[in-house]
1. Using the Cβ atoms and a cut-off under 10 Å, what net charge is assigned to the surroundings of P96, where Lys and Arg are +1 and Asp and Glu are -1?
2. Would you mind telling me the share, in percent, of accessible area of the chain contributed by carbon and sulfur at probe 1.4 angstrom?
3. Under 20 Å Cα to Cα from K150, which lysines show up? Leave out anything in the same chain fewer than 8 places away.
4. For the chain, what is the calculated [θ] at 222 nm in deg cm²/dmol (nearest 500), taking -39500 (n - 2.57) for each run of four or more DSSP H residues and dividing by its residue count?
5. Return the label of the correct value of Cα extents along the principal axes in Å, as calculated from the structure shown, out of (i) 76, 44, 35; (ii) 103, 42, 31; (iii) 55, 54, 44.
6. Probe 1.4 Å, all protein chains in place: accessible area of R66 in Å², nearest 10?
7. Label-point separation (nm) for R319 and Q246, each offset 7 Å from Cα along Cα-to-Cβ?
8. If the cut-off is a Cα-Cα distance under 16 Å, which aspartates and glutamates reach K221, setting aside same-chain residues fewer than 8 apart in sequence?
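The values are calculated or read from the model by the stated rules, or taken from the named source; none is laboratory data. Predicted model, so just to flag it, every value in this text is computed and none were measured. So basically every Cβ, Gly included, is an ideal-geometry build from the backbone, and we count neighbours across all protein chains shown. The protein model used for the area step is the full one, side chains on, heavy atoms only, and it has no ligands, DNA or RNA in it. Shrake-Rupley method; radii C 1.70, N 1.55, O 1.52, S 1.80 Å.
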Amino acid sequence: MGDEIRPFKIHVSEGDLEDLKKRLRATRWPEPQTVPDWSQGVPLDYLQKICEYWARDYDWRKIEARLNALPQFHTDLDGLGIYFLHIRSPHSDAAPLILTHGWPGSVIEFLKVIPALTDPSSHGGQPQDAFHVVCPALPGFGFSDKPKQKGWSVEKTARAWSELMLRLGYQRYYAQGGDWGAGITSVIALQDTEHCHGVHLNMPIVLPDPATMNNLTDEEKDGLAGMQYFQDWDSGYAKEQSTRPQTIGYALADSPAGQAAWILEKFYAWTDCHGNPDNALTRDEMLDDIMLYWLPNVAAASARLYWESFNKFNYEPVRTPVGCSIFPKDLLRPSSRFRTPNIATESI
């Protein structure tokens, strides 16, 4: 263990890919749902089509090559090996930026924005808007190592991310995150005020302001209704992962169809897909992400982040400058009136 930063390349064996196809072809399917929609979960015919495509036509080597074309590294942080992308801008004075994903996300979700962030002048922007981009995989996610002891909470991960940025030579940096990444990024802003000079959040967790509850706008009522719907109908996965991550891990580690369904349901619920995930993401994009859970066998390890940190959020006011983006189809849509004075929101 040390401060060494080691170059990293992904190479999944053909044996692992053949094992996946064998498991998919041997899937034991349940009977169809008794409703014509997704209200009982992923419809049988939809999942069967996805799994048939996965076994027959999907090509893992494409995303493997795409990732391997980027600078990838491993380093040990607080005793755990962490995988990350580090793409430096062609502009030497670019601002350092660490991007943090959530569940069921991965570093793959940043691939579309990395070129514009690192080289904005090639995408209609200005050189002064450039960033050096760092994208780590959360502990127990993707090609980061799996914790062997408890304790890898949001707070510990935030400390590790700050250490990573300093190890890369960035004494002044910015941070961005969504989902669990928003929680980790918020804690970075609380813990590392010396080096982190600003953060941006999508899916910020902001409690309703009691002073506004008797004078809510229609938009605020809609946002609170969405939060209640999540609690009532869309949060079962979180309850399971936050209380019994090991138990659900057995099923997801053994069945690729089960792992796919566990994640596809969220692509349906959490994208602006108009009733079909294929309207928001290609099948390859969805399967690329699912593969970063299946191939490294991280179903249980990734779920443990919920056990470590769910319902344990720190609502201490953040003094570092904060920007938030709230989108109409976001899972959580807090009102700008709920914000603390240091948070500047941009509704889109």
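1. Values: positive: R88, R172; negative: none.
After counting each charged neighbour, the total is +2.
2. Values: 8770 of 17160 Å².
Reported share for carbon and sulfur atoms: 51 percent.
3. K239, K312
4. On the way: 12 runs with 132 residues, N = 348.
After summing the helix terms and dividing by the residues of the chain, the value is -11500 deg cm²/dmol.
5. (iii)
6. Taking all protein chains as shown, R66 has close to 120 Å².
7. 4.2
8. List returned: D209, D330.
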